[in-house]
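The structure appears right after this line, and notes come after that.
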Amino acid sequence: MRMRHAAPVLLLLLAPAFAPRPAAAAKNAGNLPPTTVTTVEVERERPVREKLPTLRFLRANRDFIRARFDRLRETSRVSRAGAGNVDPRFLEYRRLLTEIAAGKDSVTVNSDARERQSVFTSVEDLAALERELDMMEQLLNQQRTRLGYLQADFAGRQRTELDLVITGGALAGQVDSVRVTLEDGTSVASSLTETQRGSIQHGGALEVFRGLVEPRPQVIEIALMGEGWSGTGHGFVTIEPVRDRLTFLKLDLSQASPKLGIGSLAASTWLLETGTDVTRAPSQAAGTPQAEADRDRP
Amino acid sequence: MDDRAPRNTFPTLIAAAALVLLFAGTATAAPARSGLELASAAAQAWSADAQLVYVENDEALEAGGGCERWSYLFYSTSQDRARVWSVRGGKIAVAENLDMRFDAPPVAAGWLDSGTALAAAERGGGAEFRATHRAAQLETMLLMRGAFSEGDPDATTWTFVYRAAGEPSLFVVVSATDGKVQRTWRG
């Protein structure tokens, strides 16, 4: 698994996250389909999954196949360079870069001329200045269009990701850090400062992990460390991230206490709504990806 | 007889429920390429430089080259590890690291799908083997580059393994580029 952010990020969503938000709710209701928040259980034991055999022929003939590969490496040969179709977007990027360079040259030429001309002596000079400003504005507009193109091309490509956040203050004990372990062994630990603890108690959320995950059912292992919590053992949450979507997993500590065990954590998941028009301004884009904060989705 | 009289739908419901139970959890056979996109998405999440190096059927093959579950093995140079995803019915049923070193070369893009390759293997000796040996069947088909190709070590090929009780197995190697049978042997 590859993580996008190494350091945990505190999402400061204090009072607004838990306060009623009629305006935001009404806006969402009009523009987006309702988000399904699914409650998931934090189990004390790792769920047992069906064990299916894979690659039977390869495993049974591993020595033979390895020997064949070793023999291939010893054989010298002339290699051919493969040729494939060039992605048309790469050609488009080149064109954009050329335009950017040309625009930059124009600005530089005008700037140099301006430096040479220290005093405007006539109305004609002012007219020339106005023309130059118009041209710069035009170049800026073109640059804006190019940036919109690139944003649509890159920001529109959501991959399978998981965003794990914790929220809520525990009923008892003190959580000093949270460790999350994925099935492939990737382990991330986030320490909580006093400020962060205070924030999540008041509705804030702390991002513990965000990164690419495999689009399949999998078990996330969670451990809380700190006063009262270190001996509670690990919890296991089964999730199934949807391919090419951002899945949120929220762990709510507000009803948890060491006496009740790790199973007293409340967990829920939901997907980030996706839109299509990412080139519009955020205030205009009805379908722009967003995760409006509310009680279930900090 | 009154056509509007309520009919007893209980037997129909029972039959429908039985059918649902019968087919619940069963995935239909699909060609090898059907799970490739999903497995590739998982592989990219695992390692950005993951490349497909091997494909093998994990369940019995059907006559048209379909299988309920296919395994896709990817190798990452940066991690020097191989990881397999087994896809069934459009979902990943198994994901695990391979417990052996397998730094195989990546298969060529655009490889022929299992149905086309199997038809070539059948014409190239598979059908005859099945007809002449009792209980003979196609047991394995696998896609890889180099290992089974004698003439061109760079070629990506499908290898078919036909087995019959008490008989040496038949191996048929088919080019995954043009569908030509490259070689056959018994062993």
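The values are calculated or read from the model by the stated rules, or taken from the named source; none is laboratory data. The model shown is predicted, which means the values in this text are computed figures rather than measured ones. All Cβ positions, glycine included, derive from the backbone under ideal geometry; neighbour counts span all protein chains shown.
Return the only residue of B:14, B:92 being hydrophobic (A, V, I, L, M, F, W, C), at pLDDT 95 or above and either in the same structural domain as residue B:176 (by TED's automatic domain parsing) or more than 19 Å from residue A:59 (Cα to Cα) (or both). Reasoning before the result, please.
Details: B:14 fails: at pLDDT 95 or above.
So the residue among B:14, B:92 that is hydrophobic (A, V, I, L, M, F, W, C), at pLDDT 95 or above and either in the same structural domain as residue B:176 (by TED's automatic domain parsing) or more than 19 Å from residue A:59 (Cα to Cα) (or both) is B:92.
So if I check each of A:216, A:146, which one is touching a helix residue (DSSP H, G or I) at 6+ places or on another chain (Cβ under 8 Å) and closer than 30 Å to residue A:93 by Cα? Spell out how you get there, then give the answer.
Working: A:216 fails: closer than 30 Å to residue A:93 by Cα.
Only one candidate qualifies: A:146.
Contact list please: Cβ distance under 6 Å, first residue in the range B:94-107 and within 7 Å of chain A (Cβ to nearest Cβ), second residue in a strand (DSSP E or B) and among the polar types (S, T, N, Q), pairs at least six apart or on different chains.
So the pair list comes out as B:94/B:86.
Considering (1) surrounded by fewer than 19 Cβ atoms within 10 Å (Cβ to Cβ); (2) within 14 Å of chain B (Cβ to nearest Cβ), say which one residue A:195 fails and leave the rest.
Failing condition for residue A:195: (2).
Could you say which residue among B:113, B:80 is more than 14 Å from chain A (Cβ to nearest Cβ), touching a residue at least 60 places away in the same chain (Cβ under 8 Å) and among the charged types (D, E, K, R)?
Within the list B:113, B:80, the selection yields B:113.
Out of the residues in the range B:119-164 that are of a type in the set (Ser, Thr, Tyr) and surrounded by 21 or more Cβ atoms within 10 Å (Cβ to Cβ), which is farthest from residue B:56 (Cα to Cα)?
This residue is B:149.
Please verify whether the range A:198-207 includes one or more residues that are touching a Ser or Thr at 6+ places or on another chain (Cβ under 6 Å), more than 15 Å from residue A:257 (Cα to Cα) and small (Gly, Ala, Ser).
Yes: the range A:198-207 contains one or more residues that are touching a Ser or Thr at 6+ places or on another chain (Cβ under 6 Å), more than 15 Å from residue A:257 (Cα to Cα) and small (Gly, Ala, Ser).
Here are A:228, A:185, A:203: which of them is within 14 Å of chain B (Cβ to nearest Cβ) and either farther than 25 Å from residue B:41 by Cα or without any contact (Cβ under 8 Å) to a residue 12 or more places away in the chain (or both)? Spell out how you get there, then give the answer.
Working: A:228 fails: within 14 Å of chain B (Cβ to nearest Cβ); A:203 fails: within 14 Å of chain B (Cβ to nearest Cβ).
A:185 is the lone residue from the list that is within 14 Å of chain B (Cβ to nearest Cβ) and either farther than 25 Å from residue B:41 by Cα or without any contact (Cβ under 8 Å) to a residue 12 or more places away in the chain (or both).
In the set A:128, A:113, which member is surrounded by 11 or more Cβ atoms within 10 Å (Cβ to Cβ), farther than 30 Å from residue A:93 by Cα and at pLDDT 80 or above?
Exactly one of A:128, A:113 is surrounded by 11 or more Cβ atoms within 10 Å (Cβ to Cβ), farther than 30 Å from residue A:93 by Cα and at pLDDT 80 or above, namely A:128.
Tell me the residue from A:159, A:197 that is out of contact with any helix residue (DSSP H, G or I) (no Cβ under 6 Å at 6 or more places or on another chain), modelled with pLDDT of 90 or more and charged (D, E, K, R), please.
A:197
When the residues of the range B:24-41 are filtered to those that are surrounded by 24 or more Cβ atoms within 10 Å (Cβ to Cβ) and either modelled with pLDDT under 95 or over 9 Å from the mean Cα position of the chain (by Cα) (or both), which remaining residue is farthest from the other protein chains (Cβ to nearest Cβ)?
Only one residue tops the list, namely B:35.
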